[in-house]
Amino acid sequence: MILFILGLKMVGDDFTASFADAADAKAGDSHTYVRRRVEQMIVPFAMPLLIGPGAISTVIIYASQAKQYGLPGAALGIGAIAAVSVATLLSFLATPLISRLLGKIGLSIIVRVLGLILCAMAVQFLLAGIADSTHGLIRPEAAAPYATK
């Protein structure tokens, strides 16, 4: 549910407006303004997405699905985590360039699209959890439509 709520906030809120430039602040108070904006960005936005309940539940769900493949499945899972970690690091390092290329409108569009994807993943996780815990309330085909047989 937390993942779904975070996705809804990404779709509905204007994340780019909440991190306005420090030039809008009063001249004598710009240092405090920048510190407050950075703290707002780091704590509630980046950390839950990287190491929060959504990331943890995603790893747990996919690890349980990979368990049937044994050691090759575990190796592929660790490889996927490493690849995502490297991609995240490269994205963080390229943030100034990406922000300049996309602009405010482009960033807003991307945040909203990623919020929709996050909502879809959250609904899928909820369906899978309800199907596994209730035995018959939700059909297995609806809970895991892309599962291999």
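What to note about this one:
- Karplus-derived 3J(HN,Hα) values for region 83-92, using 6.51 cos²θ - 1.76 cosθ + 1.60 with θ = phi - 60°, are 5, 5, 5, 5, 5, 5, 4, 5, 5, 5 Hz; glycine and proline are entered as x.
- Across region 62-73, computed HN-Hα scalar couplings (Karplus, 6.51 cos²θ - 1.76 cosθ + 1.60, θ = phi - 60°) run 5, 5, 5, 6, 7, 4, 5, 8, x, 4, x, x Hz from first to last residue, x flagging Gly and Pro.
- Whether region 45-149 is rounded, prolate or oblate, judged on the alpha carbon gyration tensor where a/c under 1.5 counts as rounded: oblate
- Averaged over residues, the count of other Cβ atoms within 10 Å places the peptides 107-116, 73-82 in the sequence 107-116, 73-82, highest first.
- Here the Karplus relation 6.51 cos²θ - 1.76 cosθ + 1.60, evaluated at θ = phi - 60°, turns the backbone of region 121-128 into coupling constants of 5, 5, 5, 4, 5, 5, 4, 5 Hz, with x for every Gly and Pro.
The numbers here are math on the coordinates, done by the rules we state, and not lab data. These numbers come from a predicted model, not from an experiment. As a convention, Cβ positions derive from the backbone with ideal geometry for all residues, glycine included, and neighbour counts pool all protein chains shown.
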